[in-house]
Amino acid sequence: MAQSRDHIDDLTDHLVGTHSPEELAAKALAYRLRRVAHRLETEIKRELAPHGIELWELELLACLRRAEPKQRLTAGELMTQMQLTSGAVTNRVSQLERKGWVSRQLDESDRRVVLVALTEQGRERATQVFGTKTRAELAMLSALDPERQARMNEDLRTLLISLEGSH
């Protein structure tokens, strides 16, 4: 039985003869990765909307929640983890601060350093909606069996390490 075709197959068909097989394979993979990422993000945002929380808000709260033991990070650490500019971090922290989900604190060991800390209200809000995001991710990726997901995770980890370095 022939494998089904997708939109990217049609796109790359137009490039046959003008690109090498390696270039076509790279283009197809890049297109598919972008489309899958876009579809995942769109679906997760749609699932979160009824809960009154944006995906970026949940991601920032999750970064702070993972920051053990005190659930707080510097703006620079948030920039790195969320891949944002300093202006974007400042703007997002200000918005979440107005909602009471984060607070800014001075670092006890260096009073020049401002830490962004998760508040109890922010922790509760994130906990309320983490399951929604997880269910959306599971549903979107259910076309891949666990073994395929594990292989893709390994391959994408290898790619990210080559692009961003090891952690």
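We did not get these values from a lab; they are worked out from the coordinates using the rules stated. Keep in mind the model is a prediction, meaning the values are calculated, not measured. All Cβ positions, even for glycine, are placed from backbone atoms using ideal geometry, and neighbour counts span all protein chains on display.
Quick notes
- In the chain, helical runs assigned H by DSSP with n ≥ 4 each contribute -39500 (n - 2.57); averaged across all residues and rounded to the nearest 500, the mean residue ellipticity at 222 nm is -21500 deg cm²/dmol.
- Between the range 1-78 and the range 126-167, the Cα center-to-center distance that results, in Å: 10
- When Cα extents along the principal axes in Å is calculated for this entry, the matching label among (i) 40, 35, 30; (ii) 62, 33, 28; (iii) 59, 36, 20 is (ii).
- Among 82-90, 145-153, the peptide with the highest mean count of other Cβ atoms within 10 Å heads the list, and the full ranking is 82-90, 145-153.
- Cα centre as origin, Lys/Arg/Asp/Glu Cβ charges: the chain dipole, Debye: 620
- Calculated from backbone phi, Karplus (6.51, -1.76, 1.60) coupling profile of the range 114-129 in Hz, x at Gly/Pro: 9, 10, 9, 10, 6, 8, 4, 4, x, 4, 5, 4, 4, 4, 4, 10
- C-alpha long axis of helix 55-66 to longest principal axis of the chain, angle in °: 60
- Options LEU60, GLY122, THR85, ranked by Cα towards positive dipole end of the chain, top entry (Cβ charges): GLY122
- Anchor LYS45: aspartates and glutamates whose Cα lies under 13 Å away (excluding residues fewer than 8 positions away in-chain): GLU54, GLU57, GLU59, GLU137
- Inter-site label distance for ASP6 and ASN91 at 7 Å from Cα along Cβ, in nm: 3.1
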